[in-house]
Every structure is written in C-alpha cells, then in structure tokens.
1. Can you go through 164, 142, 171 and tell me which one is over 25 Å from the mean Cα position of the chain (by Cα) and over 30 Å from residue 243 (Cβ atoms)?
2. Name the residues in segment 189-207 that are polar (S, T, N, Q) and under 14 Å from residue 73 (Cα atoms), would you?
3. Inside segment 115-233, counting only strands (runs of 3 or more DSSP E) that do not spill past its ends, which hold 1 or more residues that are at pLDDT 95 or above and small (Gly, Ala, Ser)?
4. Just to be sure I understand, how many residues within segment 31-51 are among the hydrophobic types (A, V, I, L, M, F, W, C) and open to solvent by less than 60 Å² (accessible area, probe 1.4 Å)?
5. Name the pairs whose Cβ atoms lie under 9 Å apart, with the first residue in segment 143-167 and more than 13 Å from residue 128 (Cβ to Cβ), the second among the hydroxyl-bearing types (Ser, Thr, Tyr) and in a helix (DSSP H, G or I), and 6 or more positions between them or separate chains?
6. Can you tell me which residues in segment 234-246 are surrounded by fewer than 17 Cβ atoms within 10 Å (Cβ to Cβ) and either of a type in the set (A, V, I, L, M, F, W, C) or in a loop (DSSP other than H, G, I, E, B) (or both)?
7. Is at least one residue of segment 184-202 closer than 29 Å to residue 93 by Cβ and of a type in the set (A, V, I, L, M, F, W, C)?
8. Among the candidates 72, 97, single out the residue that is buried (at least 19 other Cβ atoms within 10 Å of the Cβ) and either modelled with pLDDT of 95 or more or assigned to a helix (DSSP H, G or I) (or both).
Amino acid sequence: MARVLMLACATAWLALGPPGQAIAAGEMSQDQFDQRIHDYILAHPEIIMEALQSLDARQREAAAKEAKAALAAKADEIFRDPASPVGGNASGDVTMAEFFDYNCPYCRQVVPIMAQAVADDPQLRIVYKEFPILGPDSMFAAKAALAAQRQDKYAEFHKALYDARTRVTEAVVLKVATEVGLDIPRLKTDMQLPEIQAAIEKNTQLAQALGITGTPGFVVGDQIFPGATDLATMKKLIEQARAVPK
C-alpha cells in the first residue's frame with residue numbers, strides 16, 4: 001500500500017510539478033527524491049485519498065471479474081450439487097442458491113421474503129447452501145440439517161430452526177429435531193458422516209470463490225448478490241435470470 005501511494009505521489013509530482021522546478025528523478029539523490037515526495041504529499045494531501053479510491057475500485061473490479069469467472073466455472077456445483085437440499089419447485093426454470101447460517105439475523109430476516117418469492121413464483125427452485133460461519137453452534141446446526149435431509153425432513157427442520165427465534169445452540173437443535181419427529185440417535189450418527197463435512201467444506205470453498213464472505217449470499221443466473229435483500233429486488237434478480245437465453 002505504501003509503495004502504491006509513493007508511486008502515485010511521485011507520478012503526480014513529476015507530472016504536475018511547476019515546469020521551472022522540474023528535476024528528473026535520476027538527477028537526484030534518494031534523500032532528495034524522498035524529501036520532494038514528502039513535501040508534495042504535505043502540499044497535496046488529497047492525492048492520497050484519490051490513490052486509495054482508485055486502488056479500491058480496481059481491486060473491487062478485479063474481485064468481481066474473478067467471482068463471475070468462478071460462477072461460470074462452478075455452476076454445476078452451485079446449482080446442481082446432489083448434496084445440496086432443494087426447495088421450491090425442484091423442476092423450476094430458475095434456480096436461486098442461498099448461502100446461509102442459522103445464527104445469522106439477516107438470514108432470519110430474509111426467510112419470509114424467500115417464502116413469499118417461492119409462493120409467488122411456481123417455477124422458482126431454491127438450493128440451500130449450508131455455510132456455518134458463526135461458530136460451533138452454527139456448525140452443529142448445519143450438520144444436523146444435512147443429516148435431517150437423510151430422513152426426508154430437511155425443509156421442515158430448516159424452517160423450524162428459524163422459527164425457534166433464538167440462538168441456535170446444540171440444545172435448541174436437538175429440541176427442534178425432536179419436535180419435528182427426527183430419529184435423534186440416527187441424526188447424531190449421520191452428522192458424523194464424512195459426506196456431510198465434505199458438503200459443508202465444498203460450500204465454504206464455493207463461497208470464497210464467489211466472493212461471498214458473509215451471510216446471506218445469493219446466486220441466481222449470472223448474478224451474485226451478497227447480503228439481505230427485499231422481495232422486489234429478489235424478484236428482479238429472478239426475472240433477469242429467467243430472461244437469459246438457455
């Protein structure tokens with residue numbers, strides 16, 4: 001970062017310095033050069049902010065391009081991984097993947113929005129990506145949810161965990177599992193399966209490749225949308241994906 005700022009300031013000074021005072025950098029000692037840059041920065045402090053803003057914009061642009069490339073390369077893993085639970089219309093014409101954590105308040109906030117989107121769009125398919133980033137309780141809940149899928153109760157269990165409206169601890173997970181009729185000994189056994197750990201690790205790797213660093217994170221069509229959103233925005237993303245020629 002310091003090098004970038006130094007180069008930016010040096011370039012500006014050499015380009016913008018008063019014509020009568022211009023001195024080629026090669027004609028100065030290192031101390032003279034450093035002093036001239038120091039003086040220029042003091043006289044034009046705004047260039048530091050301009051350099052930082054330019055650097056940030058370039059980094060964001062590069063990250064967005066990398067994420068789009070990863071989406072194209074990993075579309076099957078994102079939208080068609082058999083290890084990921086599916087909701088809505090399993091044969092729908094548009095798929096929206098959600099990366100989420102049961103202890104994320106913003107994920108809880110979008111639960112009714114997603115439910116309404118599914119209710120309003122009979123062709124919407126949802127892929128659930130367990131992405132437990134908020135500690136051991138979240139990891140326990142994610143493993144339990146994927147284990148519940150093996151008893152054909154993922155959707156019911158998923159909804160019940162959010163309906164609990166409290167921090168989803170191990171005790172809460174097991175209580176909810178009992179209430180939805182899961183076989184608890186089998187659930188605990190299945191939670192230890194290497195396939196379940198592998199599924200969560202794959203989701204984590206996908207999220208990193210897509211630039212999703214928090215929850216929730218949505219992927220629909222060729223769009224990556226980090227953070228909670230409203231129903232209108234969600235529907236717009238879905239319709240944009242639907243309009244893309246297959």
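The values are calculated or read from the model by the stated rules, or taken from the named source; none is laboratory data. From a predicted model like this one, the values you see are computed outputs, not experimental measurements. Cβ atoms come from the backbone with ideal geometry, glycine included; neighbour counts cover every protein chain shown. Keep in mind that these areas ignore ligands, DNA and RNA; they rest on the heavy atoms of the full protein, side chains included. Shrake-Rupley method; radii C 1.70, N 1.55, O 1.52, S 1.80 Å.
1. One residue alone meets the criteria, 171.
2. Across segment 189-207, the qualifying residue is only 205.
3. Working: elements: 124-130, 217-220, 223-226.
Hits in segment 115-233: 217-220.
4. Qualifying residue count for the region: 6.
5. So the pair list comes out as 147/189.
6. Across segment 234-246, the qualifying residues are 243, 244, 245, 246.
7. yes
8. 97
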